[in-house]
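Note sheet for the following structure.
The values are calculated or read from the model by the stated rules, or taken from the named source; none is laboratory data. What you see is a predicted model; the values in this text were computed from it and never measured. Positions of Cβ are generated from backbone atoms using ideal geometry, with glycine treated the same way; all protein chains shown enter the neighbour counts. To get the accessible areas, we keep the full protein, side chains included, count just its heavy atoms, and leave off ligands, DNA and RNA. Shrake-Rupley method; radii C 1.70, N 1.55, O 1.52, S 1.80 Å.
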Amino acid sequence: MKRLIVLLGVAGVSLSALLVRWSTAPSLILALYRMVFAAALMTPAALRGGSLSGLTRRELLLSLLSGAFLGLHFACYFEALNRTSIASAVVLVDTEVLFVALASALILKKKLSPRAWLAVLTAFGGGALVALADRSGGTGALTGDLIALAGAACVSVYTMLGAVCRERLSTTAYTYLVYLSASGTLLGIALVTGTPLLGYGPVNLLTGLGLAVFCTLLGHSVFSWGLKYLPPAFISTVKLLEPVFSALYGLFLFAERPGGLVILGGALILLGIGLYSQHT
């Protein structure tokens, strides 16, 4: 049942590519609206019942750091969607599990089997094919691919920090701190870059609200909940179903047909994920 709930979370997150394409605000502002709405909607639950009481300084700092990386991930992901295809952006962002694997080996000193290394190399090869396919789309598409990979690296840090925090923190306390931190991170970037915060019309406020409800509260919050009961590798792996839904949205609503190299690259990434999930 827990795995099924996480799968439903993937279905919610998959709506993000669709909603972003309907927005007219800068990607940074849309990400900010998403996090602000999510934090605001969670405030009553977070302040009720003392869920934030008893936090240690370490737990607070790790949760806020996790939120900062989540904010950076959203900023990268939304910008990538503006520069490259939905299929490419989502597939490349979902190489997160590979960054988690590498970090586990290099930082946490966990030994990876030959099968695990084969999985990592296979999936990274698939990501390279996706980038190669987008090279014909100009430097903008290739830049979008690189931004998507940066987003994958950021969300992998978010996932690993979340696994540590969720050992003791409740879902409500952890996700509330994460969304507050992500909001603050994105607000800071907007102020530094001189990006106006308002004036984008009701459609973008509604888009931000939709992202907050369907993709954050019913998506990323579910992933945070699952980190207490399921391995981080499973959470990262199951997110790889997102490109399937997102590519279908792109096909039926925006007539975006994934090219052969994109499909092959995505298949290699899924193969790599499958190999890695067997390792874990």
Problem set entry | When residues of the range 41-57 are limited to those that are open to solvent by 60 Å² or more (accessible area, probe 1.4 Å) and in a helix (DSSP H, G or I), the one nearest to GLY184 (Cα to Cα) | LEU41
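Could you say which residue among ALA68, ALA103, ALA31, ALA75 is modelled with pLDDT under 85, within 21 Å of LEU149 (Cβ to Cβ) and in a helix (DSSP H, G or I)? Spell out the reasoning first.
Details: ALA68 fails: modelled with pLDDT under 85; ALA31 fails: modelled with pLDDT under 85; ALA75 fails: modelled with pLDDT under 85.
Every option except ALA103 fails the conditions.
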For this session: Take the range 185-197 and flag every residue that is more than 22 Å from PRO44 (Cβ to Cβ), of a type in the set (A, V, I, L, M, F, W, C) and open to solvent by 30 Å² or more (accessible area, probe 1.4 Å).
Result: ILE189, LEU191, VAL192, LEU197
For this session: Considering (1) at pLDDT 90 or above; (2) more than 23 Å from LEU18 (Cα to Cα), say which one LEU271 fails and leave the rest.
Result: (1)
For this session: Would you check if there is a residue in the range 49-70 being more than 15 Å from SER224 (Cα to Cα) and among the aromatic types (Phe, Trp, Tyr)?
Result: no
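To keep it simple, each residue is scored yes or no on (1) at pLDDT 80 or above; (2) of a type outside the set (Lys, Arg); (3) under 24 Å from PHE37 (Cα atoms); (4) in contact with a strand residue (DSSP E or B) (Cβ under 8 Å, 6 or more places away or on another chain).
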| residue | (1), (2), (3), (4) |
| --- | --- |
| LEU129 | no, yes, no, no |
| ALA133 | no, yes, no, no |
| ALA141 | no, yes, no, no |
| CYS154 | yes, yes, yes, no |
| VAL164 | yes, yes, no, no |
| GLY184 | yes, yes, yes, no |
For this session: Would you check if there is a residue in the range 190-199 being modelled with pLDDT under 90 and among the hydrophobic types (A, V, I, L, M, F, W, C)?
Result: no
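Taking the residues in the range 198-223 that are more than 12 Å from ALA31 (Cβ to Cβ) and small (Gly, Ala, Ser) as candidates, determine which candidate is surrounded by the fewest Cβ atoms within 10 Å (Cβ to Cβ). Quick ask: steps written out before the conclusion?
Initially, the range 198-223 is screened for residues more than 12 Å from ALA31 (Cβ to Cβ), giving 198-203, 205-206, 209-210, 213-214, 217-223.
This time we only want the ones that are small (Gly, Ala, Ser), so: 199, 201, 210, 219, 221.
Details: GLY199: 8, GLY201: 12, GLY210: 20, GLY219: 24, SER221: 22.
Residue satisfying both the conditions and the ranking: GLY199.
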Exercise. When both residues are 6+ apart or on different chains and their Cβ atoms are under 6 Å apart, which pairs have a first residue that lies in the range 194-215 and is farther than 20 Å from TYR176 by Cα and in contact (Cβ under 8 Å) with a residue 40 or more places away in the chain, and a second that is open to solvent by less than 60 Å² (accessible area, probe 1.4 Å) and among the hydroxyl-bearing types (Ser, Thr, Tyr)?
Worked result: ASN204/SER23; THR207/SER23
Problem set entry | Test for LEU32: is it farther than 15 Å from SER183 by Cα and either over 24 Å from the mean Cα position of the chain (by Cα) or surrounded by 14 or more Cβ atoms within 10 Å (Cβ to Cβ) (or both) | no
Exercise. Being open to solvent by 20 Å² or more (accessible area, probe 1.4 Å), part of a loop (DSSP other than H, G, I, E, B) and among the β-branched types (Val, Ile, Thr), is that true of even one residue in the range 172-184?
Worked result: no
Problem set entry | Residue that is modelled with the lowest pLDDT [pool: residues in the range 1-26 that are open to solvent by 70 Å² or more (accessible area, probe 1.4 Å) and part of a loop (DSSP other than H, G, I, E, B)] | MET1
Seminar exercise, completed: Going through the range 204-230 in order, the residues found to be at pLDDT 90 or above and of a type in the set (A, V, I, L, M) are LEU205, LEU206, LEU209, LEU211, ALA212, VAL213
